[in-house]
Amino acid sequence: MAAGNQIAPDPLAESGATHLTVVSNRGPVSFEHDESGELVARDGAGGLVSALRPLLAGSGATWVASAITEADREATARGWMTSDGLDLVTVASNPEDYAMAYDVISNGTLWFLHHHLFDLSRRPRIDARWWEAWEAYRVVNGLFANVIAERSPEGGTVLIQDYHLSLVGAALHERRDDLLTSHFSHTPFCSPEMLRVLPDPVARELLESLSAVGARGFHTRRWGDLFTRCTQSMRLPPVTTFASPLSPDVEHLKTMAGSAESLRARQWLDEQVGDRKVVLQVARAELSKNLLRGLSAFDLLLEEHPEWRERAVHVILANPSRQMLADYVAYQAELEHLVQLVNERWATSSWTPILMELSNDYPRSIAALGRYDVLLVNPLRDGLNLVAKEGPVVNERSGAVVLSREAGVWEELAGLAIEINPFDIAGTASAILSGLTMPEQERSERSEGIVHKVISRPAAKWLADQCLAATGKEESC
Ligand code: F6P
């Protein structure tokens, strides 16, 4: 065990943290069996992982994550692992508990709660199965707390990430009150009114656990303020929050953009779209990402502005997500259906207006970000949204960014991106049109402005802010 190790990135050293443990559901690697049956490690998926991995590589920190698949469990049984200069600890819950906690509570309840996604006439259904799942969520969180408590050296710093692990803070505090802890939410936080859909003891337990850590972080002050209002609504003692937005790793993005896989993907895209303008969306096929209204807005644009027919292609690169949940399966089917309808309506012998690819292909996403004229980022509600920051870093056409004011990143990019209300289809269509027709100099100034924001607030600062907040070196806001 790497107890007492030093953390490599300089900003972390300032916090005085002597041993850093990062805790998240998905880890930096996931395991699978290769053709010969050997256990091999692959890069873990998801925005949080891709942001954290380069920051922690070589730091000697410990990363505690779930063993999600059977192969992950097998790797866990073999003990501690080292990857990229990190000690990797996987927590192997009972698979049934894990599935209930992940599908029913983390994704089916907490994700919907914080993103205000519930179709309240149908969900949530707080029934016997739900309570069973809540119990499983508590068990999984408790197991994380046990593992961290056993492995952490005296006075170590523990940075817990996201809604899958909302109860780890309190459980850990009970076992090890010497540890310096922080919980960072990558999602928005729900309003006090929305919180009321949860049974009171559950809402209370969630808030109390998040209050039990040393510091609570969010990508924007807006989500932190909602957390505070939720605690007030339940008459809980006041606690502070801090806001620190994440940025993508610029070097990593540029390296990816120049990789052979991305260059191949770029060639493929160029063949598909020719010299037409590209309106791009890159997102998980996820309800909060609002892909359906984006499509309707493009459809409306073609209807009202015939001059753009044949001259623009709406490229959607959607990564299939959470196919264990009926809502997601239905959403993806509706998406495919709508693409078909819009294409049937407008396609000509030489032009298909919508090009949608449903797959998880990171190099292709990076390649497409290089080629857009308008990047459409229109979530209904989003903790941050890294794509809005990644796009301008690799884009080669000074493309415009059309951005939902409901994304956490809006706070940083207001005045640089084109604002939309994501529910307003006509407004979104006219924002896309503004992006397509904006003079090149203005597009270029705005795009450079976004890159400047990204560079001036690097991802290491976000990590350092968590360490500083956990160690009490920086005043929480
Ligand atoms: O938005 C926060 C986040 O943790 C992302 O990192 C990730 O993409 C998502 O939520 C969780 O997705 P999944 O259920 O696929 O792990």
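The values are calculated or read from the model by the stated rules, or taken from the named source; none is laboratory data. In this text the structure is predicted, and so the values were computed from the model without any measurement. We place every Cβ from the backbone using ideal geometry, glycine too, and count neighbours over all the protein chains shown.
Brief remarks on what is shown
- Residues in the range 415-422 include none that are aliphatic (A, V, I, L, M), within 26 Å of the chain's Cα centre (by Cα), within 30 Å of Leu117 (Cβ to Cβ) and assigned to a helix (DSSP H, G or I).
- Of all residues making up the range 140-195, the number that are out of contact with any helix residue (DSSP H, G or I) (no Cβ under 8 Å at 6 or more places or on another chain) and closer than 30 Å to Arg123 by Cα: 2
- Whichever residue in the range 387-417 is surrounded by fewer than 24 Cβ atoms within 10 Å (Cβ to Cβ) and within 16 Å of the ligand (Cβ to nearest atom) and, among such residues, is nearest to Thr428 (Cα to Cα): Glu406
- For Pro124, the conditions (1) in contact (Cβ under 8 Å) with a residue 60 or more places away in the chain; (2) in contact with a strand residue (DSSP E or B) (Cβ under 9 Å, 6 or more places away or on another chain) all hold with the exception of (2).
- Residue satisfying condition, being away from the ligand (no atom under 13 Å from the Cβ), among the small types (Gly, Ala, Ser) and at pLDDT 95 or above, within set Ser106, Ser66, Ser93: Ser93
- Just so you know, in the range 326-357 the residues that are touching a Phe, Trp or Tyr at 6+ places or on another chain (Cβ under 9 Å) and of a type in the set (A, V, I, L, M, F, W, C) include one that is farthest from the ligand (Cβ to nearest atom), and it is Val342.
- Test set (1) more than 16 Å from the ligand (Cβ to nearest atom); (2) at pLDDT 95 or above; (3) closer than 30 Å to Ala326 by Cα - Ile148 fails condition number: (3)
- Among residues of the range 296-311 being in contact with a strand residue (DSSP E or B) (Cβ under 7 Å, 6 or more places away or on another chain) and farther than 20 Å from Arg405 by Cβ, the one that is nearest to the ligand (Cβ to nearest atom) is Arg311.
- Only a single criterion out of (1) away from the ligand (no atom under 14 Å from the Cβ); (2) in a helix (DSSP H, G or I); (3) of a type outside the set (Lys, Arg); (4) over 22 Å from Thr240 (Cβ atoms) is not satisfied by Leu120, namely (2).
- Answer residue from the range 275-293, given it is away from the ligand (no atom under 11 Å from the Cβ) and in a helix (DSSP H, G or I) and is surrounded by the most Cβ atoms within 10 Å (Cβ to Cβ) among those: Leu291
- Considered as a group, the residues in the range 158-192 that are part of a helix (DSSP H, G or I) and within 16 Å of the ligand (Cβ to nearest atom) include one that is surrounded by the most Cβ atoms within 10 Å (Cβ to Cβ), and that residue is Val168.
- Residue list for the range 69-89, filter: away from the ligand (no atom under 15 Å from the Cβ) and not hydrophobic (A, V, I, L, M, F, W, C): Glu70, Arg73, Glu74, Thr76, Arg78, Gly79, Thr82, Ser83, Asp84, Gly85, Asp87
- Members of the range 61-72 found to be surrounded by fewer than 17 Cβ atoms within 10 Å (Cβ to Cβ) and over 22 Å from the mean Cα position of the chain (by Cα), listed by number: Glu70
- Tally of residues being in contact with a strand residue (DSSP E or B) (Cβ under 6 Å, 6 or more places away or on another chain), within 16 Å of the ligand (Cβ to nearest atom) and part of a loop (DSSP other than H, G, I, E, B) across the range 32-63: 1
- Looking across the range 427-477 at every residue that is hydroxyl-bearing (Ser, Thr, Tyr) and at pLDDT 95 or above, the one that is farthest from the chain's Cα centre (by Cα) is identified as Thr437.
- Leading residue by the ranking (nearest to Glu271 (Cα to Cα)) among those in the range 313-352 that are in contact with an Asp or Glu (Cβ under 8 Å, 6 or more places away or on another chain) and small (Gly, Ala, Ser): Ser350
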